[in-house]
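Below is one structure; the comments refer to it alone.
The values are calculated or read from the model by the stated rules, or taken from the named source; none is laboratory data. Every value quoted in this text rests on a predicted model; they were computed, and no experiment measured them. Counting neighbours? That spans all protein chains shown, and the Cβs are built from the backbone with ideal geometry, glycine included. When the accessible area is computed, the model is the full protein with side chains, heavy atoms only, and any ligands, DNA or RNA have been set aside. Shrake-Rupley method; radii C 1.70, N 1.55, O 1.52, S 1.80 Å.
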Amino acid sequence: MIRTEELLLNVGPQHPSTHGVFRIVVKLDGEVITEATPVMGYLHRGTEKLAEQLNYTQIIPYTDRMDYVSAMTNNYVLVHAVETMMGLEIPERAEFMRLIVMELQRVASHLVWWGTYLLDIGAMSPFLYAFRDREIIINLFNELCGARLTYNYMRVGGVKWDAPPGWLDKVREFIPYMYGKLREYDKLVSGNEIFLARIKGIGRYDAATAIDYGLSGANLRCTGIDWDLRKTEPYSLYNRFEFDVPLGRNGDCYDRYVIRLEEIKQSLRILEQALEQMPAGGETMGKVPRVIRPPAGEAYVRIESPRGEIGCHIVSKGKAEPYRLKFRRPSFVNLQILPKLLVGETMTNLITILGGVDIVVGEVDC
Amino acid sequence: MSEEKDEGQKPEAPADPEREAKLKAAAEARAARAAAKEAANAAGGAAPEAAADPEREAKLKAAAEARAARAAAKEAANPAGGAAPEAAEPPPPPEPSPKQPELDAVALLIRSLVHVEALEDAYVNEMSQHMPTIIVKNEHWLRTAELLKQHEELHFTYLRNVSGVDYETHLEAVYHLVHLESRRELAVKVKADRSDPVIASATPVWATANWNEREIYDLLGVTFPGHPDLRRIMMSDDWVGHPLRKDYEPLDSEV
C-alpha cells in the first residue's frame, strides 16, 4: 500500500472548463477527490438589488446578462411574470415570435453546451462544428434585434420588433439543415468508444436524490422523471404543439448528453409546427398601460429554460419598480449536487461531471 | 422613451391658463383614452386603474382651472366606462378559487398534526396562478416542513425555490413546493423578526434549501439554525452588511 498525502487543489476561478469564473477547492487523496467545495460569487452583479431601482422595461436587459447563453428565455420569464400579475393579453403574432426565438435559443444553447462539453473532455473539432451551426442562429437573432447575445427583445405585452421580411423563411431553411447536422454529430461523436468510456456511468445519481436537490432540466430528466414545464405546466403556446420529452434511465452523464441532443430535435419539431401555425400578420404589442405597474401582491412564475426551471418571483407594491425581484436560476440550484457527486471521483471526472451539469456562471452568481 | 416624456408633460399642460381650448381638447383625448383603458381592463380582468386614480386626483387638485373641463371629461367617460365596472363585477361570484379545497386540506392537516395555531394565515394567491399560500408561525416551521414532505397525503418532495424578502416591518422566507406526481403546489411563508431574524433551516428536509438559505443569509442576514454550512455565498467572507436589506447603504453609491 502506497502512503498518500492529502493535497489541496484549487480549480479555477480562471479555469477554461468552468466556463466562467467559478472555483472549486478539492481535497485529493492521490487522484481521488475526498472533498469538494464550490466557491462562487465572482460574477455576482447584484441584479436583484439593482432591479429594485429600475422599472420593469429597464430590467429586461439585465436578464440578458444572467444566462447569457440563453437570453431569450430569461427575457421571457420576466415579462411573463409581469404579464401574469397584470393579466395582460398578448397578441398571437407576438407570442409566436417569442416561442420561435425561445426554441431557437434552446437549440443554440444546447449547441454551446455540446461543443464546449466535448472540448472539456478533449475533442477539439466538435466545438468548431457546434459554433459554426450556432452562428446561424446568432445571425438570425442579430438580424431580428441587433444583438448577438444580449437581445433585449421581449417587452411586457409583446415583442419589440416583428420579424423582418424573409426572416421566417430563413428559420424555415435552418430546420432541415440542423436535422442533417444532428445526424452528422451523432456519427462523429455519439458512438465514439473513447467518448463513451469517459461519460457512461459517470456522475450517477438516482431520482430521489435529483428531487431532493431540486434539480431541473436534463439533470432531472436523466433519472427518468417526466418533468418539463413546457408539458407539465404549459405556458405560452406550448400546448398547441406535439413534441416529446426525452427521458433517461441511469442518471449519468451519458443520459444527459443524449437528452440534450434529443431536445434539439424536439425544438426543431416545435419550430416546424410554430412556423406553420403562425398568423401571417398582426400586432406585436398588446394593450399595455404607459407605465407598467403590476398591482400590489406577489407572483412566482417559472418556465423551462435550456438549463432547467427558471423562475421569477416578483413582490410588487403597485409601483413601477419591483419591491423585490428574485430569480430562481437553474444553474445555481443544479450546481448544489456537485460536491456530493465529486466525492470518490478522479480529477479527470471532475471536468466531465461539472460539464455535464451545464452551468452558466452568469446565472449561478446573478 | 417617448411614453415617459408624455407622462412628464401632463402636469405642465394644465398649469398654463392661456391654452384652455387646447386643454379641453387634451382632456377629451384623455377621457377617450381612459375609456379605452377601462374597456381594456374589463377585458383583461386586472385593475391598474387603482394606481392611475390617485395620480389623476392629485392633478385635479393642482390644476383648478382644468377642473371643470376635467369633470366634464370624466362625465363623458363615465357612460362609456360606467358599464365596465359593472361588467368587471360579475367575475367575483366564481370567487372560491379552484385551489381552495387543496389549500383547506393542507391547512387542516397542519393544524391537526402540528399545532392548532401553527398557521398565521392561509389563502389562495390568485395573482400567482392561484397558488395556495400558507403563512407558518416561525416556531412551528420545522415540524411543518417535515410534515409537508413526509405526510403521505402531502408529500411535497420537490422544493423549487426559496426567496427572501425584506418587508421593512419583518423579513420573510418563501418556500415554493411542488408535489411532482399531482403537480400540486404550495407556497409557504415564514416570517422573522427584523432585528434578530432566525428561521429554522429546511436543509435537513430538502437538500435544495442549502444554497438558497445561504444566499438569504448572505444578502438578507437571516440566520438558519440547523443549517450544515451557513456561510456567505455571493459576497466575500469579510463583507459588512446584507445588501438586499432595504436600509442597506452601499459604501459607494455610484457603484
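Amide hydrogen proximity for B:Arg184: with H placed 1.01 Å from N in the peptide plane, the residues at 5 or more positions away or on another chain lying under 5 Å are B:His179.
Per-residue 3J(HN,Hα) values for segment A:250-262, derived from phi via the Karplus relation 6.51 cos²θ - 1.76 cosθ + 1.60 with θ = phi - 60°, read 8, x, 10, 4, 5, 4, 5, 4, 4, 4, 5, 5, 5 Hz in sequence order (x marks Gly and Pro).
Computed over the Cα atoms of segment A:8-123, pair by distinct pair, the Kirkwood hydrodynamic radius stands at 17.2 angstrom. With Cα atoms defining each centre, segment A:279-351 and segment A:30-104 are spaced 5 Å apart in the structure. Taking the Cα centre of segment B:149-237 as reference, the dipole from Cβ charges on Lys and Arg (+1) and Asp and Glu (-1) amounts to some 160 debye.
The HN-Hα couplings worked out from phi for segment A:72-81 by the Karplus form 6.51 cos²θ - 1.76 cosθ + 1.60 (θ = phi - 60°) are 5, 5, 5, 3, 5, 5, 6, 5, 5, 5 Hz, whole numbers, x standing for Gly and Pro. Using 0.36 nm per residue and subtracting the Cα-Cα separation, the extra length available between A:Thr37 and A:Lys340 on full extension is 108.1 nm.
Summing Cβ point charges (Lys, Arg +1; Asp, Glu -1) relative to the Cα centre of segment A:41-334 gives a dipole of roughly 700 debye. Fraction of C-alpha pairs exceeding 18 angstrom in segment B:176-255: 50 percent, rounded to a whole number.
Put one equal scatterer on each alpha carbon of segment B:100-220, apply the Debye formula with no solvent term, and list log10 I(q)/I(0) at q = 0.09, 0.23 1/Å to two decimals. Evaluating at q = 0.09, 0.23 Å⁻¹ gives log10 I(q)/I(0) of -0.22, -1.53. Taking every C-alpha pair closer than 8 Å and separated by at least 6 residues, the mean separation divided by the residue count of segment B:100-220 gives a relative contact order of 21 percent. Where both bridge residues fall in segment B:100-220, DSSP classifies roughly 85% of the beta bridges as antiparallel. What share of Cα pairs, in percent, lie more than 24 angstrom apart in segment A:41-334? So the pairs more than 24 Å apart make up 52 percent of the total in segment A:41-334. Using θ = phi - 60° in the Karplus curve 6.51 cos²θ - 1.76 cosθ + 1.60, the 3J(HN,Hα) couplings for segment A:83-95 round to 5, 4, 5, 8, x, 7, 9, 9, x, 4, 4, 5, 5 Hz; x is entered for Gly and Pro. Accessible area per residue (1.4 Å probe, heavy atoms of protein chains only) ranks A:Phe243, A:Phe131 as A:Phe131, A:Phe243, with the largest value leading. Sorting A:Asp64, B:Asp121, A:Asp226 by solvent-accessible area of protein heavy atoms yields A:Asp226, B:Asp121, A:Asp64, largest first, with a 1.4 Å probe. Rolled with a 1.4 Å probe across the full set of protein chains, the surface gives A:Lys317 an accessible area near 100 Å². Comparing A:Ala218, A:Phe241, A:Phe195 along the charge dipole axis of segment A:184-246, the residue lying farthest to the positive side is A:Phe195, per the Cβ-charge model.
For the cross-link pairs A:Lys326/B:Lys137; A:Lys265/B:Lys99; A:Lys49/B:Lys99; A:Lys27/B:Lys149, the ones whose C-alpha atoms lie over 27 Å apart are A:Lys265/B:Lys99; A:Lys49/B:Lys99; A:Lys27/B:Lys149.
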